[in-house]
Amino acid sequence: MLVLEGAARAGVAAGTTEAGATELTVVHAPGPGDDAIVAAARAAPAPVLVWTSDRGLRARLAGPGDIRTAGCGSLWNLLDAAPAC
């Protein structure tokens, strides 16, 4: 899931796109993006992984449930290791 807020919403339509076995859902946050991320993570079936370097968002996601967080550096490493399309 990709959550967009503010002006970034204009660049990508909301909804779900499938490419083979991969699915991406784009959500347009009606207010603060962090609120939408927290709500989506809590509503999603476990396990949930949220990539963020925002310490405040990490703190909000901590607690009960199976929500893990990882820094954006680990996402870049994963993307760099992926084969080119």
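Do we find that G15 is on the phi > 0 side of the Ramachandran plot, touching a strand residue (DSSP E or B) at 6+ places or on another chain (Cβ under 8 Å) and either exposed (fewer than 11 other Cβ atoms within 10 Å of the Cβ) or modelled with pLDDT of 85 or more (or both) in this structure? Criteria met by G15.
For segment 10-22, the set of residues classified as under 22 Å from R42 (Cα atoms) and touching a residue at least 12 places away in the same chain (Cβ under 8 Å) consists of A14 only.
Kindly check whether there is at least one residue in segment 40-61 that is surrounded by fewer than 14 Cβ atoms within 10 Å (Cβ to Cβ), out of contact with any Gly (no Cβ under 9 Å at 6 or more places or on another chain) and part of a strand (DSSP E or B). There is at least one residue in segment 40-61 that is surrounded by fewer than 14 Cβ atoms within 10 Å (Cβ to Cβ), out of contact with any Gly (no Cβ under 9 Å at 6 or more places or on another chain) and part of a strand (DSSP E or B).
Whether any residue in segment 12-33 is touching a helix residue (DSSP H, G or I) at 6+ places or on another chain (Cβ under 6 Å) and either of a type in the set (G, A, S) or assigned to a helix (DSSP H, G or I) (or both) is what I want to check. Within segment 12-33, one or more residues are touching a helix residue (DSSP H, G or I) at 6+ places or on another chain (Cβ under 6 Å) and either of a type in the set (G, A, S) or assigned to a helix (DSSP H, G or I) (or both).
Remark: pairs (first residue in segment 66-85, in a helix (DSSP H, G or I); second residue β-branched (V, I, T); Cβ separation under 7 Å; 6+ apart in sequence or on different chains) = C72/T52.
The residues in segment 29-85 that are closer than 22 Å to G15 by Cα and among the charged types (D, E, K, R) can be counted, and the count is 3.
The values are calculated or read from the model by the stated rules, or taken from the named source; none is laboratory data. Just so it is clear, the model here is predicted, and its values are computed rather than measured. Using ideal geometry, Cβ is built from the backbone for each residue, glycine included, and neighbour counts are taken over all protein chains shown.
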